[in-house]
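What follows is a short report on a single structure.
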Amino acid sequence: MWKILRQIGRNGIRSEAPPDCDDAVRAEAERIQRELLAILGRALAIRAIDPGSCNGCELEINALDNPYYNLEGLGIRFVASPRHADLLLVTGPVSRNMELALRRTVEATPEPKLVVAVGDCGAGCGLLGGANYATCGGVAEVVPVDVVVRGCPPPPIEILRGILTAVRRCRAPQPGAATAP
């Protein structure tokens, strides 16, 4: 141990320089977050579901909750129960073992429920997508999907745009519905 401490004393602690802050991406994320809160007027509760992905999309979803995007600070939060969720983020193809669990999760989510399929595999066309002996195919082949976010894996800002698109569609006036004067 002393050898390591002497080496640190001689050389110093070496690490990478922090990445440059991309102000354009940060500004876009903040604009999307403000619009989400303006549309909903309250916090958006999201439940992330992984019925069979490679976890690449989960890493990008987790990045949404870090200090760079700071969803939690603006009232957009992840919840553990589908009974408390407004929106479901589903990643990867649906494995045969998780098909029933995904259906039950969607049924347990209160109306108006939104489902966003994240990644190319969730869309049914990625590396793990397509129906085979182990999977049922994309998310849309098992449950109704409102928005698909393409990418392998999609960057966090694209996932955020997909969430905003789903919320916009949900809050848009339905054709033939009565509108307030």
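Just so you know, all these numbers are worked out from the coordinates, no wet-lab data involved. Every value quoted in this text rests on a predicted model; they were computed, and no experiment measured them. All Cβ positions, even for glycine, are placed from backbone atoms using ideal geometry, and neighbour counts span all protein chains on display.
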Q: Please list, ordered by first then second residue, the pairs with beta carbon atoms under 9 Å, 6 or more apart or interchain, first in segment 134-149 and within 11 Å of Gly52 (Cβ to Cβ) and touching a residue at least 12 places away in the same chain (Cβ under 8 Å), second of a type in the set (S, T, N, Q) and assigned to a strand (DSSP E or B).
A: Ala134/Ser95; Thr135/Ser95; Cys136/Ser95; Val139/Thr91
(Q) I need the full set of residues from segment 71-130 which are touching a residue at least 60 places away in the same chain (Cβ under 8 Å) and small (Gly, Ala, Ser), in order please. (A) Gly119, Gly122
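Looking only at segment 34-58, filter to residues that are part of a helix (DSSP H, G or I) and of a type in the set (A, V, I, L, M); which one of those is surrounded by the fewest Cβ atoms within 10 Å (Cβ to Cβ)? Step through it out loud before you land on a result.
Residues of segment 34-58 part of a helix (DSSP H, G or I): 34-40, 56-58.
Now drop any that are not of a type in the set (A, V, I, L, M), which leaves 36-40.
Values: Leu36: 21, Leu37: 16, Ala38: 8, Ile39: 14, Leu40: 15.
Within segment 34-58, the match that is surrounded by the fewest Cβ atoms within 10 Å (Cβ to Cβ) is Ala38.
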